[in-house]
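Step one of this worksheet: look at the structure below.
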Amino acid sequence: MVSEVEVDVSSVKAFANAILDEFRKVIVGKIDVFENLLIALLCNGHVLLEGVPGVAKTFMAKTFARTLGCSFKRIQFTPDLLPSDILGTYVFNQKSGEFMFRPGPIFANVILADEINRAPPKTQSALLEAMQERQVTVEGVTHPLPSPFIVIATQNPIETSEGVYPLPEAQLDRFLFKLTVDYPTEDEEVEILRRRLNVAAEEVTPVTSPEIIIKMQGIVKNVYIAPEIMDYIRELVIRTRRHPQILLGGSPRASIVLMEGAMARAALNGRDYVIPDDVKAIAKQTFVHRLILRPEAELEGITAERLVERLLEEVPVPF
């Protein structure tokens, strides 16, 4: 069985390539987004996907879970959604005369929190304990969540103010990455149409299992990161705090995300050590939702992405 396979750094790369091959069967482009989802999973992190309707955010999440051989649940966030609709609740069993816990949809390996910013803050906060502690507490009783566990939340970048509740900074910071799902290129658009006409469309095959993913996560923890690269990460984060155009810079959590994300990327590339390019490759998705720019910078049209690019150009790269 696949779950009994021994896992090392080279097999992490092999599994990652197999997962990406399955992904390519059904989804055109967006390989960078899928790779970042893998990095987040191996770091025990969560991802916020931002994109207009119709760019395959939901389909990507389903495909992701399917290729991993993991359980999947989709939660549609709406203004009337209650915390109990996510976490579960106790119901009275007439036969036993006792209250029994009925788990909510949060009890799965891959959770799609669709249009998360359409639910009120009280409901959004129901995810905080689950995302941070991998557990939920209902009526004073704590219930562990399955492992691995990842929340993939989606939101539309173009929303009217009516019926939308922007995510607070504390909740945004819980997401390892914020990824943008763009429109396909012209060639990709034609390929999407061609595949739509194909009656015998291909389906993905699971290539790993929850047990294999847990083993891969263990390999990532043992990837070597040199002190010089830790200093490089520290310098990048500290400069976001001191930048004149940034009101709120990266917290120590941003430093941890850069380190662990770089370690996961190294493992996916078959290396047991981190190089500076690993840090550079995940810097934007790490910082973009954590930085708050000063109003004058926003008026000038400066974006967090551009500021991160400048920082990567300015901070000296070790060796």
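The values are calculated or read from the model by the stated rules, or taken from the named source; none is laboratory data. Computed from a predicted model, the values in this text were never measured in an experiment. Glycine also receives a Cβ, built like all others from the backbone with ideal geometry; neighbour counts cover every protein chain displayed.
From the list Thr137, Thr142, pick out the single residue that is surrounded by fewer than 12 Cβ atoms within 10 Å (Cβ to Cβ) and hydroxyl-bearing (Ser, Thr, Tyr).
Thr142
Select, from Leu307, Leu268, the only residue that is in contact (Cβ under 8 Å) with a residue 60 or more places away in the chain, in contact with a His (Cβ under 9 Å, 6 or more places away or on another chain) and not assigned by TED's automatic domain parsing to the domain that holds Phe15.
Leu307
Within the range 245-263, can you find the residues that are within 22 Å of Pro295 (Cβ to Cβ), surrounded by fewer than 21 Cβ atoms within 10 Å (Cβ to Cβ) and among the small types (Gly, Ala, Ser)?
Once the filter is applied, which keeps residues that are within 22 Å of Pro295 (Cβ to Cβ), surrounded by fewer than 21 Cβ atoms within 10 Å (Cβ to Cβ) and among the small types (Gly, Ala, Ser), the range 245-263 yields Gly249, Ser251.
Restricting to the range 270-314, and then to whatever is β-branched (Val, Ile, Thr) and buried (at least 16 other Cβ atoms within 10 Å of the Cβ), can you tell me which residue is farthest from Gly45 (Cα to Cα)?
Ile302
Considering only residues of the range 238-291 that are under 19 Å from Leu167 (Cβ atoms) and of a type in the set (Ser, Thr, Tyr), which is modelled with the highest pLDDT?
Checking each candidate, the answer is Thr286.
Looking at Lys25, Lys30, which is the one that is buried (at least 17 other Cβ atoms within 10 Å of the Cβ) and of a type in the set (Lys, Arg)?
Lys30
It is to be established whether one or more residues within the range 73-82 are surrounded by 14 or more Cβ atoms within 10 Å (Cβ to Cβ), part of a loop (DSSP other than H, G, I, E, B) and either under 17 Å from the mean Cα position of the chain (by Cα) or not assigned by TED's automatic domain parsing to the domain that holds Thr58 (or both).
no
Quick one: Glu129 ticks every box in (1) without any contact (Cβ under 8 Å) to a residue 24 or more places away in the chain; (2) of a type in the set (D, E, K, R); (3) surrounded by 18 or more Cβ atoms within 10 Å (Cβ to Cβ) bar one, so which box is it?
The one condition Glu129 does not meet is (3).
For the range 87-125, name all the residues that are surrounded by fewer than 14 Cβ atoms within 10 Å (Cβ to Cβ) and either within 16 Å of the chain's Cα centre (by Cα) or part of a helix (DSSP H, G or I) (or both).
Pro121, Lys122
Looking at the range 60-67, can you tell me whether even one residue there is out of contact with any helix residue (DSSP H, G or I) (no Cβ under 9 Å at 6 or more places or on another chain), free of Cβ contacts under 8 Å to residues at least 60 places away in the same chain and buried (at least 21 other Cβ atoms within 10 Å of the Cβ)?
Yes, the range 60-67 contains at least one residue that is out of contact with any helix residue (DSSP H, G or I) (no Cβ under 9 Å at 6 or more places or on another chain), free of Cβ contacts under 8 Å to residues at least 60 places away in the same chain and buried (at least 21 other Cβ atoms within 10 Å of the Cβ).
Within the range 176-231, work out how many residues are under 23 Å from Val33 (Cβ atoms), basic (Lys, Arg), part of a helix (DSSP H, G or I) and touching a helix residue (DSSP H, G or I) at 6+ places or on another chain (Cβ under 9 Å).
1
Could you identify the single residue in Val52, Val7 that is among the hydrophobic types (A, V, I, L, M, F, W, C), out of contact with any strand residue (DSSP E or B) (no Cβ under 7 Å at 6 or more places or on another chain), surrounded by fewer than 15 Cβ atoms within 10 Å (Cβ to Cβ) and in the same structural domain as Ile192 (by TED's automatic domain parsing)?
Just one listed residue meets the conditions, Val52.
Would you mention how many residues in the range 275-306 are assigned to a helix (DSSP H, G or I) and under 22 Å from the mean Cα position of the chain (by Cα)?
Within the range 275-306, residues that are assigned to a helix (DSSP H, G or I) and under 22 Å from the mean Cα position of the chain (by Cα) number 15.
Would a scan of the range 7-27 turn up a residue that is modelled with pLDDT of 85 or more and outside any helix (DSSP H, G or I)?
Quick first cut of the range 7-27, residues modelled with pLDDT of 85 or more only: 9-27.
With the extra rule that they be outside any helix (DSSP H, G or I), the set shrinks to 27.
Checked the range 7-27: at least one residue is modelled with pLDDT of 85 or more and outside any helix (DSSP H, G or I).
Just one of Gly45, Gly29 is of a type outside the set (Asp, Glu) and over 27 Å from Tyr165 (Cα atoms); which is it?
Gly29
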